Amino acid sequence: MSLNGKTTIPEILKKYQAELLTDWLKEQAAAGIRRDNFIKETELRQQCSEFLSLLTNATQSGNLSDIFAPEWSQVREMLTSISNSRTRQGFTPRDIALFVFSFKRPLFDHLRKEFAHNGEVLADEIWSATDLLDKLGLLTTEIYQKNREELIARQQEEMLELSTPVVKLWEGILALPLIGTLDSARTQIVMESLLQMIVETSSQVVIIDITGVPTVDTLVAQHLLKTVAAARLMGTDCIISGIRPQIAQTIVHLGVDLSDVTTKAKLGDAFLVALSRSGFKISRSEGEF
Amino acid sequence: MAVQKDEVMSVTSSADIVLVRQIVRKWSVELGFSLIDQTKIVTAASELARNMVDYGGGGKLRLEALSEGIRRGLRLTFEDTGPGIPDIDLALKDGYTTGNGLGLGLSGSKRLMNEFEIYSRVGEGTRIAITKWR
Ligand SMILES: Nc1ncnc2c1ncn2[C@@H]1O[C@H](COP(=O)(O)OP(=O)(O)OP(=O)(O)O)[C@@H](O)[C@H]1O
Ligand SMILES: [Mg+2]
C-alpha cells in the first residue's frame with residue numbers, strides 16, 4: 001500500500017473533500033446522466049456532499065474491501081435510498097450506477113498527483129479505490145434489481161385480483177370467466193369470490209368459462225371439480241363452458257370424469273342452458289321480421 | 001435416431017411449471033405438431049413437472065427435438081433425485097395418489113404420449129421420458 005504499508009485513500013478523501021466534490025459534480029454532468037427536471041442542481045450537490053462525507057467516515061476504519069461490514073452501514077443506507085428514489089423517477093440502472101462510478105476519475109486524479117513519483121504505490125492505491133467503487137456501484141444495481149422484482153411481484157398480485165371477475169349475467173345467473181394459469185393461489189381467490197357472490201346474489205346457476213385457460217391438467221380439473229362441488233352444496237348449479245376440442249380430447253385421455261358436470265363448448269350455449277334452467281325462454285318476436 | 005436440438009431446465013417451483021408449459025408449447029409449435037398434439041404434450045409435461053416438484057423435491061427437464069428418417073419427434077425427460085416410487089405399477093393406476101390429487105397424472109400422461117419410459121429407485125430418484133412423434 002502506501003509508504004507505511006497502509007492505504008492513504010482515507011486521508012486523501014478527508015484532505016481534498018471540497019475539490020473532490022467539485023470534480024465529481026463536473027464528472028457526473030459529463031457522464032451524461034439523465035438529469036432534466038428530476039434532480040435539481042442543489043439537490044444533487046447536497047446528495048454528493050453527504051455521500052462523500054459518509055464515504056470518508058467509513059474509510060477511516062481502514063476497511064476498504066468489505067462494504068457489508070458494520071462501519072459501511074450508513075453508506076449502504078444512503079445508496080439504498082438514492083437507488084430507490086431514482087428507480088421511482090425512472091432512471092436506468094446505468095444512470096444509477098454512474099453516480100458511484102463517476103467518482104473514479106476525480107479520486108484517481110488525486111491519487112495520481114499524490115503518488116506521481118511512486119508507481120508501485122499508485123498502482124496499489126488505484127486498485128483499492130477501483131475495487132471499492134466497483135462494489136459500491138454494483139450494490140446500486142442489486143438494489144435496482146430488487147426494486148424491480150418487488151414491483152413485478154406487486155403487479156402479479158394486482159393481476160390476480162383483476163383477472164378473476166365474477167359477472168352477473170342475468171337475474172340468478174353468474175358467469176366466471178377464467179383467464180390464464182390456474183395456479184393454486186389464484187384458484188383459492190376465484191373460489192372464494194365466486195362463493196361469496198353466490199351468497200350475495202342468491203344465484204341459481206353459475207357458468208365457469210375456461211376459454212382463456214390454455215392448459216387443463218389434473219390440478220386444474222381438480223380445482224374445477226371442487227368449485228362445482230362447493231357451489232352445489234349451496235344449492236347452485238354449475239356449467240363449464242369454453243371446452244375447446246383439443247381440451248376435450250386431453251381431458252378424456254387424462255381420464256378426468258366430468259360426466260357429473262354440464263359442459264358446453266361456447267359461453268353462449270351455456271347461457272341458454274342457464275336461462276332455461278332458471279325458467280326463462282328466449283324467442284325471436286314474430287311479425288317484425 | 002438423431003437429436004437435433006436439446007435444452008435442459010431446472011424445475012423446482014410452481015413458477016417453473018408455468019415456464020415448462022410455455023417452453024414445451026414453443027418447442028411443439030416449432031416442430032410442427034397439430035394444436036391437439038401440442039395440447040397433449042403440454043398437458044403431459046405439466047403433470048410430470050408438477051409430480052417432480054410435489055413428490056421428487058424438484059428436478060430437471062431435458063427437451064430433445066428428434067428426427068428419425070422423415071419422422072420428427074419431441075422427447076421430454078424428467079429427472080429428480082427424490083425418494084423414488086416404491087411400486088410403479090401401483091403409481092400408474094388411475095386414481096392412485098399419495099398426495100391429495102386425482103391420481104391421474106402419471107397414467108394420464110402415458111395415454112397422452114406415444115412413448116413412456118419410467119425408471120425409479122427408492123432413495124435414488126425417478127426418471128421419466130415421454131416422446132411424441134409426428
Ligand atoms: N417424481 C416422483 N417422485 C416420487 N413419487 C412420485 C413421483 N411422481 C409420482 N409419484 C407418486 O405417484 C403417485 C401418482 O402420481 P400421479 O401424478 O398419477 O397422481 P397425483 O400426482 O397424486 O395426482 P394428480 O392426478 O393431480 O397428478 C403420486 O401420488 C406419488 O406418490
Ligand atoms: Mg401428479
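The values are calculated or read from the model by the stated rules, or taken from the named source; none is laboratory data. Keep in mind that this is a model prediction, so the values were computed, not measured. Every residue, glycine as well, gets a Cβ built from its backbone with ideal geometry; the counts of neighbours run over all protein chains shown. Calculation scope for accessible area: heavy atoms of the full protein, side chains included, ligands and nucleic acids excluded. Shrake-Rupley method; radii C 1.70, N 1.55, O 1.52, S 1.80 Å.
Just a few scattered comments:
- Any hit, region B:37-53, residues being open to solvent by 10 Å² or more (accessible area, probe 1.4 Å), over 21 Å from A:GLN222 (Cβ atoms) and away from ligand 1 (no atom under 11 Å from the Cβ): yes
- Exclusive hit being more than 12 Å from ligand 2 (Cβ to nearest atom) and more than 14 Å from chain A (Cβ to nearest Cβ), set B:LYS26, B:LYS5: B:LYS5
- Any chance B:GLY58 is more than 14 Å from every other protein chain (Cβ to nearest Cβ) and within 24 Å of B:PRO86 (Cβ to Cβ): yes
- Pick from region A:114-170, criterion free of Cβ contacts under 8 Å to residues at least 40 places away in the same chain and β-branched (Val, Ile, Thr), ranking: most open to solvent (accessible area, probe 1.4 Å): A:ILE152
- Some residue of region B:40-52 being away from chain A (no Cβ under 12 Å) and either touching a residue at least 60 places away in the same chain (Cβ under 8 Å) or among the aromatic types (Phe, Trp, Tyr) (or both): yes
- From the list B:GLY73, B:GLY105, B:GLY69, the one residue that fits, being without any contact (Cβ under 8 Å) to a residue 12 or more places away in the chain and either open to solvent by less than 40 Å² (accessible area, probe 1.4 Å) or small (Gly, Ala, Ser) (or both), is B:GLY69.
- Checked against the criterion of being crowded, with 19+ Cβ neighbours inside 10 Å and not in a helix (DSSP H, G or I), the candidates A:PHE99, A:PHE91 yield just one match: A:PHE91.
- Just one of (1) open to solvent by less than 50 Å² (accessible area, probe 1.4 Å); (2) in contact with an Asp or Glu (Cβ under 6 Å, 6 or more places away or on another chain) fails for B:ALA91. It is (2).
- Matching helices (runs of 4 or more DSSP H) fully within region A:189-289 where at least 1 residues are in contact (Cβ under 8 Å) with a residue 40 or more places away in the chain, away from chain B (no Cβ under 13 Å) and surrounded by fewer than 21 Cβ atoms within 10 Å (Cβ to Cβ): A:267-277
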